[in-house]
Amino acid sequence: MPASLDVAVTDAPDSIAAWLSERGVYRVSTRAGDTVHVEPVVADAGPALALHRVPVRGARDAIDAGVDVVLTGDPEAVAYARTRADLTSLPSVWNRTYMLLVRAAPSSDGDPAPALDTLRAELAADAVRVEARPATAMRAGSCVEPRGATTPATGVTDAARPRIVFPRGDDVARALAARLVALGATRRGLLAALAGSVANAGDALRAEGVDPREAAQAVESGGALAAVIPVSPMRFPECGFGAVPITNADLTRVIPLIQTRERLIARRSLTDRALAALAQAVSDSSQVGP
Amino acid sequence: MTFRSRLMIAFGVVALAPLVVIAAGVRREMDQRLTAQDDRRAAALAAVAAADLSRRGASIGARLASLADALTDDNRFRLAVTQGDATQRAYVLDLAGRAMRLTGLSMLQIQDAAGRIVSSGHFRNEYDRLEPDLPALLAAAGGAALVRARTPDGPLLALARVDSVRLGGRTFALVGGEAVDSAFLARLAPGGDFSIGLSLPGESGIATATAARPNSHAVVVSRTSIPYIAAAAGGARSVQAATLTLSRSTAALDALRRSVDIWFVAAIAVTATIALAASTWLAARVSRPLRELAEQTSRVDLDRLDVDFSTDRDDEIGALSRLLGVMTRRLSATAVRERDAERRAAVGDLARQVNHDVKNGLAPIRHVLRHLAQVQRDEPARLAAVFAERRPTLDASVEYLDTLARNYARLSPRLDVAPCDANAVARAVAAGASLPRSAALVLELAEDLPPVRADALVLRRILENLVTNACDALDGRGGTVTIATARAEGSAQLTVRDTGSGMTRDQLNRAFDDFYTTKPGGTGLGLSIVRRLVADLGGAVRVDTEPGAGTSVSVTLPPNDHQPGPARPAERQ
């Protein structure tokens, strides 16, 4: 078994390392520049991994450059791997849930309208370019991650900045926000069911990337009508899909939209034990599929 | 106005007038040529901008046509849109984005016959939106038109065209274009002082950044209308006209004008300064000899004709100076002749007077002698008695003739000229003066009086005559006689003033004539003798008098170092 595998990831290495740690298989050992080194929690349970980031559109270049493992959601890279006999791929667990935060009182019945299921399906199928599925409904009042105080919201700010914000650099969140903006013109009724203020913005509605740490806060402070943010289901497994970093759950409606996952692309030349360890690390399966 | 001022004005006019005329002419010519050049450049740029805009529209059309051809051959797209193959949906949704990147367009959307957006490059997730009017409006515009396309980030203004492709009996519209922003406009007007602004009806326009300075004017060079598909009231859209305005900033031209003006003003200022300095120098150079000549000329009078007008100058001033010298020499000769004539006339008058006086003195003597001769012949015994009787007559006549001789002797004294203390002479005269009762004599002697060149005896005679006249002028009424000395321009001045009866103008005019007197028993020779004595000393006499207010006679004597020259006449006032 190689001492360390070179793993190219299209997400932040720290985020991937945290996710692997939450799964209880790996833990962070060292950081060297932009590379994060993780090692198995159980000694000799698998190879150590050196996680370094590549652009989403650079995943195929990483494969061609001979990297051992690529972890990406880029469908083009996955399709490319399928055409290569020397590569194998394995879907990860659904490791990210995209939430829509709207500043409004949460519904006691969960989602505001059954039509949201159709919306979730459409979003998962067409709006994003990664492997996705509709998110399940959320239990009322659950899974709020404590945060610091935020600036009180004002209606004036809402009207002045009719926008849906998303974490800058997150293409999935951006696509979801863009689709919601488009729905403001095409299916305003559906959007009104989600949030009246968002639907009322009409053609003035915009999608705008913000600092990832400020996306949820922007809704609570009145800086945005809504926000699309990703959460990890691993941090609070009891919630089913993760915790939402908001301050006051009574003033913010949290609507799960879709869940996404990535694919682990590995060289078949790796040892079976290494491949099994990787499969255990990223998925619920112990075998890497064809 | 002085000669210097006139010279300076003339210099200023000569130096500045041509420069001002040249400056104004150059500036006007430069302004006209630059303006015309700018106008030609602006017209050319306007034509280039219009052509570029047209070319860009054509380029968009060409790229849409190529895309239409590519779509015709795209089986995945065909399967998706004609057979409803759901597995190709993601491909179709991303198709416009890929095509947009390949063709370099900023906006691209594929719409089906119903106007539903099948794929959008500038707003991928706007799929399924209905926008049936846009292809029709673009087709109605007959070419490229400005449209407001939606994007997640906000509206995008684009110069768009429409094309179409038929697949399986179904028509799909391709709407594509380039983003119209300040960079787009800047490419139409490449920098410099030109800028392009785009005005949209009912909306705020956009414009290129210019290098125009504050307070400069922008001149509109051309306006071009572009079809604009604008939203109207009620949501319906229509084709309106946007205006593309090419403007030219006059900042550079204004700056050039200001710079030229500054340089012209500087040149005029320098020229004026040089002209002023040159005229001042020249005026000083020309006027100084004139001023000196004027000063020399001012010293000329009949008693002072020894002014030296000799000069080495060979110009007009030198000629004038020499002419003045010749004139003074002529005047000097004339004055000598006049003095000789006057002297001869005086001598003639004196001879006639002497003849008359001697005859008058000799007549009694002749009568007595004739009487004595008759007595001796006829009555010899009474000769002694008659002689004794007539002797007083002889004595009186002899005394008269003796007195007459002494008086005439005073008319031509001999001078013994030497440095002389005028104050001492004044004190001696004052001591021997015979004043009438109730009259006072006052001495006002200057302490710093320089020695004078004179004969002390002559000077005493002058003062004695003047004091005697002053005492006589009091007419026994009492009053004051003052003897004063003073320094006067390096020489000494002696003045005898009285508070007597003074003289009329007529009396003054004859005061220096021989034998003219207004006093009973006067000889009429006092002031005449004074005038001659003063002239012999090389001095001058001045009389100031007013009837009833007294008379002041001033004698100015040359200083000790004075070389004798022609005597000055007496002055009367």
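The values are calculated or read from the model by the stated rules, or taken from the named source; none is laboratory data. Just so it is clear, the model here is predicted, and its values are computed rather than measured. Cβ coordinates were reconstructed from backbone atoms using ideal geometry, including for glycine residues, and neighbour counts include every protein chain displayed. Protein only, heavy atoms only, side chains kept; ligands, DNA and RNA dropped before computing areas. Shrake-Rupley method; radii C 1.70, N 1.55, O 1.52, S 1.80 Å.
Numerical summary
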read-out	value
Some residue of the range A:200-223 being hydroxyl-bearing (Ser, Thr, Tyr) and at pLDDT below 75	no
Residue match in the range B:172-185 (condition: within 14 Å of another protein chain (Cβ to nearest Cβ) and modelled with pLDDT of 90 or more)	no
Subset of the range B:115-128 that is open to solvent by 10 Å² or more (accessible area, probe 1.4 Å) and either hydrophobic (A, V, I, L, M, F, W, C) or in a helix (DSSP H, G or I) (or both) - its residue that is farthest from the other protein chains (Cβ to nearest Cβ)	B:Val118
Conditions (1) open to solvent by 10 Å² or more (accessible area, probe 1.4 Å); (2) more than 13 Å from chain A (Cβ to nearest Cβ); number of the one not met by B:Glu131	(2)
Selected residue (criterion: nearest to B:Gly97 (Cα to Cα)) from residues of the range B:134-147 that are in a helix (DSSP H, G or I) and open to solvent by 20 Å² or more (accessible area, probe 1.4 Å)	B:Pro135
Number of the condition not met by B:Arg98 [criteria: (1) touching a residue at least 24 places away in the same chain (Cβ under 8 Å); (2) surrounded by fewer than 16 Cβ atoms within 10 Å (Cβ to Cβ)]	(1)
Exclusive hit being away from chain A (no Cβ under 14 Å) and touching a helix residue (DSSP H, G or I) at 6+ places or on another chain (Cβ under 9 Å), set B:Asp39, B:Asp94, B:Asp112	B:Asp112
Residue in the range B:463-473 that is over 24 Å from B:Ala351 (Cα atoms), at pLDDT below 80 and open to solvent by 60 Å² or more (accessible area, probe 1.4 Å) present	no
Given (1) within 13 Å of B:Val555 (Cα to Cα); (2) open to solvent by 40 Å² or more (accessible area, probe 1.4 Å); (3) assigned to a helix (DSSP H, G or I), index of the condition B:Gln493 fails	(3)
Unique residue being touching a helix residue (DSSP H, G or I) at 6+ places or on another chain (Cβ under 7 Å), under 30 Å from B:Trp281 (Cβ atoms) and assigned by TED's automatic domain parsing to the domain that holds B:Leu246 when the list is B:Met1, B:Met8, B:Met30	B:Met8
Failed item, numbered, when B:Leu71 is tested on (1) crowded, with 16+ Cβ neighbours inside 10 Å; (2) within 14 Å of chain A (Cβ to nearest Cβ)	(2)
Test: residue in the range B:393-416 that is among the small types (Gly, Ala, Ser) and within 60 Å of the chain's Cα centre (by Cα)	no
Given (1) of a type in the set (Ser, Thr, Tyr); (2) in contact (Cβ under 8 Å) with a residue 12 or more places away in the chain; (3) out of contact with any Pro (no Cβ under 9 Å at 6 or more places or on another chain), number of the condition B:Thr243 does not satisfy	(3)
The range A:171-210, subset assigned to a loop (DSSP other than H, G, I, E, B) and touching an Asp or Glu at 6+ places or on another chain (Cβ under 9 Å), residue nearest to the other protein chains (Cβ to nearest Cβ)	A:Arg187
Verdict on B:Arg258 being over 47 Å from the mean Cα position of the chain (by Cα) and loosely packed, with under 12 Cβ neighbours inside 10 Å	no
When residues of the range B:142-171 are limited to those that are in contact with a helix residue (DSSP H, G or I) (Cβ under 7 Å, 6 or more places away or on another chain) and charged (D, E, K, R), the one nearest to the other protein chains (Cβ to nearest Cβ)	B:Arg150
Qualifying positions in the range B:424-445 - surrounded by fewer than 16 Cβ atoms within 10 Å (Cβ to Cβ), modelled with pLDDT of 85 or more and not charged (D, E, K, R)	B:Ala424, B:Ala440, B:Val442, B:Leu443
Residue in the range B:288-299 that is within 30 Å of B:Phe3 (Cβ to Cβ), outside the structural domain of B:Ala141 (by TED's automatic domain parsing), open to solvent by 60 Å² or more (accessible area, probe 1.4 Å) and over 27 Å from the mean Cα position of the chain (by Cα) present	yes
Residue list for the range B:38-51, restricted to those being of a type in the set (Asp, Glu) and surrounded by 16 or more Cβ atoms within 10 Å (Cβ to Cβ)	B:Asp38
Hits in the range B:464-504 (condition: out of contact with any strand residue (DSSP E or B) (no Cβ under 7 Å at 6 or more places or on another chain) and within 21 Å of B:Gly538 (Cα to Cα))	B:Glu464, B:Asn465, B:Arg487, B:Glu489
Matching strands (runs of 3 or more DSSP E) fully within the range A:37-104 where at least 3 residues are closer than 24 Å to A:Ala173 by Cβ	A:48-53, A:69-72, A:96-102
Given (1) of a type in the set (Val, Ile, Thr); (2) in contact with a Cys (Cβ under 7 Å, 6 or more places away or on another chain); (3) open to solvent by 40 Å² or more (accessible area, probe 1.4 Å), number of the condition B:Thr480 does not satisfy	(2)
Test for B:Leu67: is it at pLDDT 90 or above, closer than 30 Å to A:Ala121 by Cβ, hydrophobic (A, V, I, L, M, F, W, C) and in contact with a helix residue (DSSP H, G or I) (Cβ under 8 Å, 6 or more places away or on another chain)	no
Pairs where the first residue, in the range A:197-224, is assigned by TED's automatic domain parsing to the domain that holds A:Ile164 and the second is in a helix (DSSP H, G or I) and basic (Lys, Arg), C-beta under 7 Å, 6+ apart	A:Ala199/A:Arg188; A:Ala207/A:Arg174; A:Gly209/A:Arg174
Subset of the range A:101-133 (residues that are touching a strand residue (DSSP E or B) at 6+ places or on another chain (Cβ under 6 Å), modelled with pLDDT of 75 or more and more than 14 Å from chain B (Cβ to nearest Cβ))	A:Leu101, A:Val102, A:Arg120, A:Arg133
Hits in the range B:102-111 (condition: open to solvent by less than 20 Å² (accessible area, probe 1.4 Å) and either of a type outside the set (S, T, N, Q) or outside the structural domain of B:Leu174 (by TED's automatic domain parsing) (or both))	B:Leu105, B:Met107, B:Leu108, B:Ile110
When residues of the range B:195-212 are limited to those that are modelled with pLDDT of 60 or more and either among the polar types (S, T, N, Q) or in a loop (DSSP other than H, G, I, E, B) (or both), the one surrounded by the most Cβ atoms within 10 Å (Cβ to Cβ)	B:Ser195
Subset tally (residues that are crowded, with 16+ Cβ neighbours inside 10 Å and either under 20 Å from B:Ser332 (Cβ atoms) or of a type in the set (Ser, Thr, Tyr) (or both)) for the range B:263-286	2
